[in-house]
Amino acid sequence: MKKRQTLMRAVGRARRAWDNHVKAVTQAEGIPDSYRTVLMFLLRHPGSGQRDIAEFASITTSAVNQAVKSMLEEGYLTKETDIADKRNSRLYLTEKGSTVAARVFEKLDTADDAITARIGAEKEAELIAFLDGLAEFIRKDLTEC
């Protein structure tokens, strides 16, 4: 029996292809896959805690903790005690971490530019608006399936 082609299956295929591309880019930079989310998140949100990263990535805090521990040992991160709440720590990229994360972002921006060139800026804007609306529908209105 042939599977019927659906929008969400096509979205899933595109998402998996992009995830595989991102993984290949980070691995080419010598970054283990478990470090990728932490590096990329902290580049945009310095001083975040492990819980912030876990919530963003929809992974467990213990998974983030394992990556952070290794990344601290390898010199990608520094950790500071949160002055407001001494039970929490704030994470920051070191120069080494910032450099490698910036290189990855640059390569991913180049890939995004290639996708935009392929489909055109107008079509890209339409797709972004459509997918944002679809995500909103799934989160709020898709309850009976």
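Things to note:
- Pairs of Lys in region 1-100 closer than 23 Å at Cα, counting only those 8 or more apart or on different chains: 6
- Residue by residue, region 8-22 carries 3J(HN,Hα) couplings of 5, 5, 5, 4, x, 4, 5, 5, 5, 4, 5, 4, 5, 5, 4 Hz when phi is fed to the Karplus relation 6.51 cos²θ - 1.76 cosθ + 1.60 (θ = phi - 60°); x denotes Gly or Pro.
- Sorted peptide list for 116-129, 31-44, 60-73, criterion being average Cβ within 10 angstrom, highest first: 31-44, 60-73, 116-129
- Principal-axis analysis of the Cα atoms of the chain puts helix 61-73 at an angle of about 50° to the longest axis.
- Computed lengthening from ALA63 to LYS123, 0.36 nm per intervening residue step minus Cα-Cα distance: 17.9 nm
- Shown is the FRET efficiency for ALA135 and SER98, computed with R0 = 25 Å from the Cβ-Cβ distance and rounded to the nearest 0.05: 0.25.
- Helix-only mean residue ellipticity at 222 nm for the chain, each DSSP H run of n ≥ 4 adding -39500 (n - 2.57), per residue, nearest 500: -23000 deg cm²/dmol
- Of the peptides 4-13, 82-91, 47-56, the order by per-residue mean of other Cβ atoms within 10 Å, starting with the highest, comes out as 47-56, 82-91, 4-13.
- Footprinting exposure proxy ranking of VAL100, VAL22, fewest other C-beta atoms within 10 angstrom first, gives VAL22, VAL100.
- For region 24-145: relative contact order, % (alpha-carbon pairs under 8 angstrom, 6 or more apart): 24
- Computed log10 I(q)/I(0) for the chain at 0.19 Å⁻¹: -1.19, from the Debye equation with unit scatterers placed on every C-alpha and solvent omitted.
- Helix axis angle, 95-119 relative to the chain longest principal axis, alpha carbon, degrees: 10
- Potential lengthening of the chain between LYS86 and ALA14 amounts to 21.7 nm, from the contour at 0.36 nm per residue minus the alpha-carbon distance.
- Relative contact order for region 1-84, counting Cα pairs under 8 Å that sit 6 or more residues apart, in percent: 18
Values quoted throughout were computed directly from the atomic coordinates according to the rules given, and no laboratory measurement underlies them. Since the structure is predicted, the reported quantities are computational estimates derived from the model, not experimental observations. So basically every Cβ, Gly included, is an ideal-geometry build from the backbone, and we count neighbours across all protein chains shown.
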